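The block underneath contains the structure these notes are about, expressed in structure tokens.
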Amino acid sequence: MKLVFAGTPEVAVPALDALIASDRHEVAAVVTRPDAPSGRGRHLVASPVAQRAEEAGIEVLKPVRPRDEAFLARLREIAPDCCPVVAYGALLPKVALDIPPRGWVNLHFSLLPAWRGAAPVQHAILAGDEVTGAATFLIEEGLDSGPVYGVITEHVRPTDTSGDLLTRLAFAGSGLLSATMDGIEDGTLLAVPQPAEGVSLAPKLTVEDARVDWSAPALRVDRVVRGCTPAPGAWTVFRGERLKLIQVAPLPDRTELTPGELATGKNHVHIGTGSHAVELLWVQPQGKKPMRAADWARGVRIAPGERAGGADVR
């Protein structure tokens with residue numbers, strides 16, 4: 001089939017690579033979000049998908065809105081048979097959905113109908129799911145509600161961050177998307193409607209969602225830190241400034257610390273929660289690079305009984 005691939009971030013690149021490598025399909029063009037400011041200089045930078053497509057000599061389309069007439073006209077000229085999608089980042093209007101005869105097929109990083117929305121991997125970790133996966137489905141106008149072509153499963157490991165899990169799903173899912181294109185082309189794959197039961201939503205996490213509540217149980221604190229790493233980044237407040245939390249480890253045997261109370265040793269930093277303590281392993285103070293929590297604690301000289309989690313942020 002002639003394909004137009006739609007995607008934007010790094011997590012979409014493995015699927016694009018798999019389709020480029022396929023000897024059954026032609027990636028005629030790529031659709032991605034417009035160049036965005038990046039880095040300290042805030043210079044405009046092309047998306048990872050755009051960069052990979054340009055390396056491969058593939059035409060790149062960057063509509064501000066997918067309903068822009070110039071974009072729709074070019075898409076009609078290319079005349080793709082099907083449009084595979086991975087984390088494109090914009091809603092596709094019906095006028096665009098109707099152009100390819102075999103539709104737009106999305107690789108979504110959950111076992112649909114669970115975790116429909118922008119942050120399925122983060123929500124799976126926050127909810128404590130032991131198994132998640134990826135699904136390919138035919139895009140319709142509803143939110144991730146179209147019929148499903150295929151699924152793969154993936155175990156959630158006890159120390160997985162959302163970044164770890166998403167990376168594994170991106171590579172495993174690239175094979176699923178490629179196989180889905182093959183099955184659509186040869187007519188051996190039919191999309192099955194999603195069940196009405198088991199629907200859950202996974203909206204994009206906000207910065208406030210990533211704020212750690214030390215009165216919550218240690219298990220919840222650990223899930224928030226892992227689910228919000230690398231983005232939007234779990235955090236707390238210490239001495240009026242934001243402290244990013246990169247990695248923690250539950251300490252079931254230490255129960256005497258009250259929520260938010262810090263206790264330091266030569267090579268450790270413990271903090272109380274609503275159940276038992278957790279150890280801070282890696283943190284990032286405001287305006288600084290990530291560092292081991294013990295090094296941070298030596299630098300700030302934490303006083304006995306001092307706490308994290310205050311309301312004020314300078």
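Things to note:
- Accessible area of segment 251-314 belonging to carbon and sulfur atoms, whole % at 1.4 Å probe: 51
- Pairwise centroid distance, computed over Cα atoms, of segment 23-42 with segment 84-111, Å: 16
- A Stokes-Einstein calculation at 20 °C with viscosity 1.002 mPa s, built on the Kirkwood radius of segment 29-72 over Cα pairs, returns a diffusion coefficient of 192 µm²/s.
- Spherically averaged projected area of segment 89-248 from its Cα convex hull (nm²): 10.5
- Stokes-Einstein translational diffusion, segment 160-268 - Kirkwood Rh over all Cα pairs, 0.890 mPa s, 25 °C, in µm²/s: 140
- Per atom type, segment 1-139 shows carbon and sulfur on 51% of its accessible surface, probed at 1.4 Å.
- Note on the chain: antiparallel DSSP beta bridges, both residues inside, total approximately 65 percent of the bridges counted.
- Under Karplus coefficients 6.51, -1.76 and 1.60, residue-wise ³J(HN,Hα) of segment 249-257 in Hz, glycine/proline x: 9, x, 10, x, 8, 10, 10, 7, 7
- Å² per residue, accessible surface of the chain at 1.4 Å: 48
- The distance between label points at GLU279 and GLU185 comes to 5.2 nm (points 7 Å beyond Cα on the Cα→Cβ vector).
- Dividing the helix sum by the residues of the chain, where each DSSP H run of 4 or more adds -39500 (n - 2.57), gives a mean residue ellipticity at 222 nm of -7500 deg cm²/dmol.
- Highest-MSF residue in the chain out of ARG42, ARG226, ARG298 [GNM, Cα springs under 10 Å]: ARG42
- Degrees separating the helix 218-227 axis from the principal Cα axis of the chain, which is the longest one: 40
- Column: log10 I(q)/I(0), Debye, Cα scatterers of segment 38-153, q = 0.17, 0.22, 0.23 Å⁻¹: -0.98, -1.27, -1.31
- Cross-link table LYS62/LYS244; LYS2/LYS204; LYS2/LYS94; LYS62/LYS289, entries beyond 24 Å C-alpha to C-alpha: LYS62/LYS244; LYS2/LYS204; LYS62/LYS289
- For VAL221, net neighbour charge (Lys/Arg +1, Asp/Glu -1) across residues whose Cβ lies under 13 Å away: +1
- Relative contact order %, segment 50-192, counting alpha carbon pairs below 8 Å whose residues are six or more apart: 18
- Max mean-square fluctuation residue, GNM over the chain, Cα-Cα springs under 10 Å, options GLN286, GLN194, GLN122: GLN286
- In this structure, the amide hydrogen of ALA202, modeled 1.01 Å from its nitrogen in the peptide plane, lies closer than 5 angstrom to those of ARG116, GLY117, ALA118, ALA119, counting only residues at least 5 positions away or on a different chain.
- Debye intensity ratio in log₁₀ form over the Cα atoms of segment 56-95, taken at each q of 0.16, 0.24 Å⁻¹: -0.43, -1.03
- Cα coordinate range in the chain, projected on the principal axes (Å, largest first): 69, 46, 30
- LEU3 sits among other residues whose Cβ lies under 14 Å from its own Cβ, and their net charge, with Lys and Arg +1 and Asp and Glu -1, is -4.
- When the chain is treated as a GNM with alpha-carbon contacts under 10 Å, the residue of ILE302, ILE20, ILE271 showing the greatest mean-square fluctuation is ILE302.
- Relative contact order of segment 253-306, pairs being alpha-carbon contacts under 8 Å that are 6 or more residues apart, as %: 31
- Each residue of segment 114-125 was assigned a 3J(HN,Hα) from its phi angle through the Karplus curve 6.51 cos²θ - 1.76 cosθ + 1.60 (θ = phi - 60°); the sequence is 6, 6, 6, x, 7, 10, x, 5, 4, 5, 4, 6 Hz, with glycine and proline shown as x.
The values are calculated or read from the model by the stated rules, or taken from the named source; none is laboratory data. Predicted model, so just to flag it, every value in this text is computed and none were measured. No Cβ is skipped: glycine too gets one built from the backbone with ideal geometry, and neighbour counts run over all protein chains shown. We work out accessible area using only protein heavy atoms, side chains counted, and drop any ligands, DNA or RNA first. Shrake-Rupley method; radii C 1.70, N 1.55, O 1.52, S 1.80 Å.
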